[in-house]
Structures are given as C-alpha cells and as structure tokens.
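Taking it in order: structure first as structure tokens, then the write-up.
The values are calculated or read from the model by the stated rules, or taken from the named source; none is laboratory data. Computed from a predicted model, the values in this text were never measured in an experiment. Every residue, glycine among them, receives a Cβ derived from its backbone with ideal geometry; neighbour counts consider all protein chains shown. SASA here: full protein model, heavy atoms, side chains in, ligands and nucleic acids out. Shrake-Rupley method; radii C 1.70, N 1.55, O 1.52, S 1.80 Å.
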Amino acid sequence: MKKITVFFVFACVAFFGAETVHSQSSDETMKGAKAAFKAGNFRKAFIIISKFAETGDADALSGRCFFHWHGLGTPEDTSAALTWCERASEKKSNAKEHFELLKAVITKVSSASNSKSAALKKLKELAEAGDGEAQWLMYRAHDNKLISPTKKDRDAISHWYKRAEQTGFPEALVHIARSWKRIFPNMEKENPELAKKYVSYLERAAKQKHVGAMGQLAAYFRPYGYYDSSKELPHKDFVKSTYWYRKASENSDKYY
C-alpha cells in the first residue's frame with residue numbers, strides 16, 4: 001500500500017514531467033485525493049481531481065488526463081484523456097509531449113481508440129506486423145508509462161526501440177543518430193566509422209521526408225570557411241550542406 005500511495009503523489013508528475021509548485025489550497029486538495037486513493041477509493045480520488053481540474057490547475061488537468069486514460073476511478077476514455085491532456089499542455093510546456101504522444105497513438109489506431117486497452121491492443125498488433133510507426137509508438141508508450149501507470153518495462157522498451165530501428169522508421173533513425181552525436185560530439189575525429197553510420201542513418205531518414213534529418217545533415221556538412229576548410233575539417237562539404245538545406249526548405253517553412 002505504501003508503494004501505491006507514493007505512486008499517486010508522483011503519478012501525474014512522472015507521467016507529465018517535472019512537478020510545479022502548488023499553492024496551499026492545491027496541497028490540501030491533493031492531500032484529500034491522496035487519502036482517497038490510499039483507502040482504495042479511486043472513484044473519490046477521481047472526483048476530487050476532476051473538480052480541481054475545473055479551476056485550471058495544471059497538475060490537476062494532467063491528473064485528470066491520467067485517470068481517464070488508465071481508467072482509475074472512471075472508465076477508460078481516450079477521448080476525455082485527450083481533452084484534458086490538451087488543456088494541460090496549454091498550461092505546462094512539459095505536458096505537450098505527452099499530449100502529442102496520446103494524440104499520435106489514438107490517431108494511429110483509429111476506430112480502436114475508445115479505450116486504452118483497445119487502443120494498445122491494436123497498436124501492438126500493427127507493431128508486430130511490421131509497422132514502423134506503430135513500433136516507435138510502442139517504444140514511446142512503454143517509456144512514458146502509457147502502458148502501465150506504475151512502472152516501465154525495460155525489456156519492452158528495448159525490444160520496440162530495436163524493432164523500429166531495424167524497420168528504419170525515420171523518427172527512430174534520427175533519435176539514435178542524435179544520441180550518438182551527444183556522446184561523441186567530435187565523432188568524425190574520435191570515431192570515423194560511427195560518423196559514417198551517423199550520416200547514413202540521417203540520410204535514410206531524410207529520404208523518407210524527415211525534415212529534422214535534412215536540417216541535421218545540412219548543419220553537419222556546413223563548412224566554417226569557404227576555401228581551405230576541407231584540409232582542417234574533411235567531413236565538411238559546402239555542396240552537400242547546400243543540398244540538404246534546400247531540401248529542408250522545400251519541406252518546411254522552418255528552413256529558408
């Protein structure tokens with residue numbers, strides 16, 4: 001019981017990011033909801049959170065989304081979860097990512113999206129059939145606790161991450177390439193083979209119209225000087241940089 005109580009205190013925070021500072025009235029309200037949850041009265045906890053969400057409190061909005069999605073004290077209702085997640089995203093920047101993730105999952109499974117259970121069942125079926133986007137969404141769903149409200153399944157996270165990479169889903173390729181760049185910012189000197197793989201992953205994503213990959217390639221190849229930069233920085237290539245910037249500008253107003 002201690003674990004589930006601690007979970008409730010931090011559930012919405014874990015689901016939507018960093019916690020915000022509560023006012024005294026907010027603390028009292030959350031205390032009442034925690035007591036109801038601890039007693040196993042999920043319905044009462046849901047009612048308290050729901051009423052408080054009507055005031056516009058960002059964490060309560062996130063909490064109501066969480067309750068609707070997981071069916072805690074109320075039936076699973078993806079439409080209601082999406083509504084409250086969207087309202088939370090307007091109040092908290094770190095809730096926007098989760099709103100977009102829920103929206104992507106619900107849109108992907110279409111008619112099977114009325115409940116979390118049906119939505120995730122359909123999403124898993126699509127992922128197992130080889131759908132790269134579904135595989136990536138399964139990875140993100142496990143990583144962001146859309147599957148279970150209490151824990152992350154590390155094996156499942158690793159499984160779907162690798163499946164999306166093997167399928168060549170562009171978001172997965174870009175995510176992996178960026179992780180390499182963070183670890184090896186000077187990979188062209190420290191690890192030339194990884195640098196080639198980095199470019200390869202970005203090119204594969206860019207060919208699938210991933211604008212972020214195009215922009216990354218353009219930045220990677222951009223020369224610091226027009227003339228003899230190639231002697232000092234052999235991976236720089238003005239022609240390739242211009243090509244990918246042009247491609248990015250053709251696909252997004254972000255690049256011009």
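A compact table of results
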item: Helices (runs of 4 or more DSSP H) enclosed by the stretch 81-174 - at least 2 residues per element that are under 17 Å from R64 (Cβ atoms) and touching a Cys at 6+ places or on another chain (Cβ under 7 Å); result: 96-109
item: Cβ pairs under 9 Å, 6+ apart, first in the stretch 151-176 and at positive phi, second among the charged types (D, E, K, R); result: G168/R204
item: Residue list for the stretch 127-152, restricted to those being more than 16 Å from the chain's Cα centre (by Cα) and open to solvent by 70 Å² or more (accessible area, probe 1.4 Å); result: E128, A129, T150, K151
item: Hey, K196 within 30 Å of F37 (Cβ to Cβ), modelled with pLDDT of 90 or more and loosely packed, with under 15 Cβ neighbours inside 10 Å or not; result: no
item: Residue list for the stretch 177-193, filter: touching a residue at least 12 places away in the same chain (Cβ under 8 Å) and more than 11 Å from A213 (Cβ to Cβ); result: W180, K181, E188
item: Within the stretch 43-69, tally of residues that are touching a Leu at 6+ places or on another chain (Cβ under 8 Å) and open to solvent by 70 Å² or more (accessible area, probe 1.4 Å); result: 0
